[in-house]
Amino acid sequence: MAAYIARRVAVLPLLLLGLATITFAIAHAVPADPISSVVAERQLNNPEVVAAARAHWGLDQSVPEQYTRYVWNLVQGDMGTSFRTKRPVRDDLLERLPATLELTISAMIVATTLGIGLGMVAAVKRNRWPDHVARLFAVTGSAMPVFWIGLVVLLIFWAELGWFPGPGRLDTRALPPPHLTGLFTVDALLHGDLSTFWNAFRHLMLPGFVLGWAVLGLISRLVRASMVEVLGQDYIRTARAKGLHERQVLLRHALKNALIPTLTVVGLSVAGLLGGAVLTEQIFSWPGIGGYTVQAAQSLDYPAIQSVAIFAGALMVLSNLATDVAYAFVDPRIRLS
Amino acid sequence: MTAEQATALATERPPRARPRRPRWLTAPVLIGLSVLLFWLLVAITIPVWAPADPLEPVADRLAAPTLGHPLGTDNLGRDVLSRTLYGARTALPVATMVIAGALVVGCVIGAISGFAGGWVDAVLMRFVDMTLAFPAILLAMTVTAYLGRDIRNIVIGIIAVAWPGYARLLRGQVLAIRRLDHVEAAIALGGSRSRVLLRHVLPLAISPIIVAATMDFGGVILLIASLSFIGLGAKPPTPEWGVMITDGARFFYQWWIAAGPGIAIFTVVLGANFVGDGLRDVLDPRTRQG
């Protein structure tokens, strides 16, 4: 096990190099000249300004030189300077990371609890109306654009009913809790500040639900399928035959085994979550990486876009690794070698 | 799908007994097909019967829905219903182009990878793995942003993230099918690689790829809308669903502006997913479930 993890971790740098190479290749395979997005339009005819800008951004070097420097900078944690904010992209990302983490973790909690619950109900009541309702709910979430559900949900539950607070992480008058983790709910709890916790928590509910709903289909579908399979096994019949309560059979004998394959899918939904976060944050004015990405895309801020892609790719690689390792811990039948 | 299953599928004949409807035509598939057919008809015929011009103001700005304008008007006084219906003329062809492009690129790379083997295969497949490691929308966004704001660049951007799935799928198929007797025979008879591939391998490999392409259609529609929503796609005043929802978000309290395009996207994606699910259940026996 330790050897397996060590080997997987040892390959990580190679994977990250691959990710960096792909984004670099995209940037250079494309005929667009990034100089046009850093130099004002009327200065583009001024060769001196253009040359100075090229030298400043390192665009005057040869492609291999640029590549080596790019990778070397990345190794040192330098992701370049944003064209738009004129700050190091790394600082921009780190500053916004906690907001995105808090949102995606909440969404993940929504997606797994709802997904597992729906999948279980669907499997137990197979081909009856709870099954159909569960499937409809899951399918609806994945067929609607997440930014549109966000709008609809805000319109109904904030503007119309007033049950939930509007966009943002906190009420406008509330102060963020002292910075420890950057996750407002966690920081507030650590300081015993319940009112700020409640404030942040309520603000998380709508975006967390919207984003979770969008990705839970994958999970509920798999839980249903593997639950159906498990329920047909001999040991379930044995458990029932020895007179166990149905709830015990379902939760202790069936669900436990059905959840093993689900782990993979939870790992897979990280991709959907990161992608969906970009759009959800935009609708909910969430001050995270997603909104930053959209602004970067709109202003053609290449260093920022490129870094976000690498950053997200790295997160995915790590979450895949975590999934595989967790899988091995949970399922004793798997021997990693 | 294993090779045996593939051959079994390919040689299977429909039973002679008179089924009332084909096995694959389940209720969801029927609903999905009807919805897609509806939008296809709309896309083709809308210029003939459109309630209003999609590009010209026809009433007051931001007017709430009335009988004359069932989905109201947008911030420029244009009829939202007409714009929504016209949106199909962007969404459907663009999504089809994306799928077709990704299929071509993916199948060519997958076939090369499967037939060549060795280091070519290894390099190509590592590249595929890498590309699949990015969240699709972020990579598509990166490519599109570099190419510039345009619906055509969205096509390229999404093809760039969609092809690896097909490449991996076809490679697996090629590896399984090339060991079959008839393929070996064709190679022994001196058939060229491309001929063997097109005549003897592809026909057996095609059904899972068709299923995958159908299942991807909805996702592609969503990606197009998402990239347009972000501001990378269609330029105003093009009636495009993602852009329309951006307007709807700006004029938040005029809910009808985003309602039309939202429902349009939802129905197309749902329809495509229903059809894809139905096709998969029939063509891919592994996933058939109780």
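Numbers below:
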item: Residue match in segment B:72-86 (condition: open to solvent by 40 Å² or more (accessible area, probe 1.4 Å) and of a type in the set (Lys, Arg)); result: no
item: Which numbered condition residue A:285 misses (of (1) touching a helix residue (DSSP H, G or I) at 6+ places or on another chain (Cβ under 6 Å); (2) more than 10 Å from every other protein chain (Cβ to nearest Cβ); (3) under 17 Å from residue A:100 (Cα atoms); (4) open to solvent by 10 Å² or more (accessible area, probe 1.4 Å)); result: (1)
item: Segment B:36-71, residues that are among the small types (Gly, Ala, Ser) and either exposed (fewer than 15 other Cβ atoms within 10 Å of the Cβ) or free of Cβ contacts under 8 Å to residues at least 40 places away in the same chain (or both); result: B:50, B:52, B:59, B:63, B:64, B:68
item: Of all residues in segment A:75-96 being open to solvent by less than 40 Å² (accessible area, probe 1.4 Å) and either at pLDDT 90 or above or over 20 Å from residue A:277 (Cβ atoms) (or both), the one that is nearest to the chain's Cα centre (by Cα); result: A:93
item: Helices (runs of 4 or more DSSP H) lying entirely in segment B:76-156 (those with 3 or more residues that are hydroxyl-bearing (Ser, Thr, Tyr)); result: B:80-116, B:136-147
item: Answer from A:324, A:331 - the residue that is over 30 Å from residue A:152 (Cβ atoms), open to solvent by 20 Å² or more (accessible area, probe 1.4 Å) and acidic (Asp, Glu); result: A:324
item: Residue A:292, sole failed condition from (1) open to solvent by 10 Å² or more (accessible area, probe 1.4 Å); (2) more than 9 Å from chain B (Cβ to nearest Cβ); result: (1)
item: Identity of the residue in segment A:182-232, within 14 Å of chain B (Cβ to nearest Cβ) and of a type in the set (Lys, Arg), that ends up nearest to residue A:249 (Cα to Cα); result: A:224
item: Matching option when the condition is open to solvent by 80 Å² or more (accessible area, probe 1.4 Å), within 14 Å of chain B (Cβ to nearest Cβ) and in a helix (DSSP H, G or I), among A:13, A:64; result: A:13
item: Matching option when the condition is at pLDDT below 90 and open to solvent by less than 50 Å² (accessible area, probe 1.4 Å), among A:238, A:196; result: A:196
item: Condition check for residue A:297: in contact (Cβ under 8 Å) with a residue 60 or more places away in the chain, open to solvent by less than 10 Å² (accessible area, probe 1.4 Å) and under 21 Å from the mean Cα position of the chain (by Cα); result: no
item: Contacts under 6 angstrom Cβ, first residue in segment B:126-144 being more than 8 Å from chain A (Cβ to nearest Cβ) and closer than 20 Å to residue B:110 by Cα, partner open to solvent by less than 30 Å² (accessible area, probe 1.4 Å) and part of a helix (DSSP H, G or I), 6 or more apart; result: B:128/B:164; B:128/B:167; B:132/B:164
item: Residue check, residue A:243 facing chain B (nearest Cβ under 9 Å) and either assigned to a helix (DSSP H, G or I) or more than 23 Å from residue B:148 (Cα to Cα) (or both); result: no
item: Test: residue in segment A:293-311 that is over 15 Å from residue A:104 (Cα atoms), aliphatic (A, V, I, L, M) and not in a helix (DSSP H, G or I); result: yes
item: So residue A:315, is it within 10 Å of chain B (Cβ to nearest Cβ), of a type in the set (A, V, I, L, M), over 21 Å from residue B:222 (Cβ atoms) and open to solvent by 20 Å² or more (accessible area, probe 1.4 Å); result: yes
item: Hey, residue B:225 more than 15 Å from the chain's Cα centre (by Cα) and among the aliphatic types (A, V, I, L, M) or not; result: no
item: Search result, residues across segment A:141-163 that are surrounded by fewer than 19 Cβ atoms within 10 Å (Cβ to Cβ), more than 9 Å from chain B (Cβ to nearest Cβ) and either farther than 15 Å from residue A:202 by Cα or touching a Lys or Arg at 6+ places or on another chain (Cβ under 6 Å) (or both); result: A:156, A:160
item: Residue that is farthest from the other protein chains (Cβ to nearest Cβ), among those in segment A:108-140 that are under 28 Å from residue B:241 (Cα atoms) and of a type outside the set (A, V, I, L, M, F, W, C); result: A:135
item: Contacts under 7 angstrom Cβ, first residue in segment A:170-188 being aliphatic (A, V, I, L, M), partner surrounded by 11 or more Cβ atoms within 10 Å (Cβ to Cβ) and assigned to a loop (DSSP other than H, G, I, E, B), 6 or more apart; result: A:170/A:176; A:188/A:177
item: Residues of segment A:119-130 that turn out to be in contact (Cβ under 8 Å) with a residue 12 or more places away in the chain and open to solvent by less than 40 Å² (accessible area, probe 1.4 Å), as a count; result: 4
item: Segment B:165-175 - residue that is surrounded by 23 or more Cβ atoms within 10 Å (Cβ to Cβ) and of a type outside the set (A, V, I, L, M) and, of those, modelled with the lowest pLDDT; result: B:173
item: Complete set of residues in segment A:107-139 that are of a type outside the set (Gly, Ala, Ser), closer than 18 Å to residue A:263 by Cα and over 23 Å from the mean Cα position of the chain (by Cα); result: A:120
item: Identity of the residue in segment B:118-164, open to solvent by 30 Å² or more (accessible area, probe 1.4 Å) and within 17 Å of residue A:300 (Cβ to Cβ), that ends up modelled with the highest pLDDT; result: B:156
item: Options A:251, A:268; residue that is open to solvent by 60 Å² or more (accessible area, probe 1.4 Å), part of a helix (DSSP H, G or I), within 11 Å of chain B (Cβ to nearest Cβ) and at pLDDT below 90; result: A:268
item: All positions within segment A:268-290 that are under 10 Å from the mean Cα position of the chain (by Cα) and not aliphatic (A, V, I, L, M); result: A:269, A:272, A:275, A:276, A:290
item: Pairs, first over 15 Å from residue B:40 (Cα atoms) in segment B:75-89, second surrounded by fewer than 22 Cβ atoms within 10 Å (Cβ to Cβ) and of a type in the set (S, T, N, Q), C-beta under 9 Å, six or more apart; result: B:75/B:254
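The values are calculated or read from the model by the stated rules, or taken from the named source; none is laboratory data. Quick caveat: nothing in here was measured; it's all calculated off a predicted structure. Backbone-built Cβ (ideal geometry, glycine too); neighbour counts: all protein chains shown. SASA here: full protein model, heavy atoms, side chains in, ligands and nucleic acids out. Shrake-Rupley method; radii C 1.70, N 1.55, O 1.52, S 1.80 Å.
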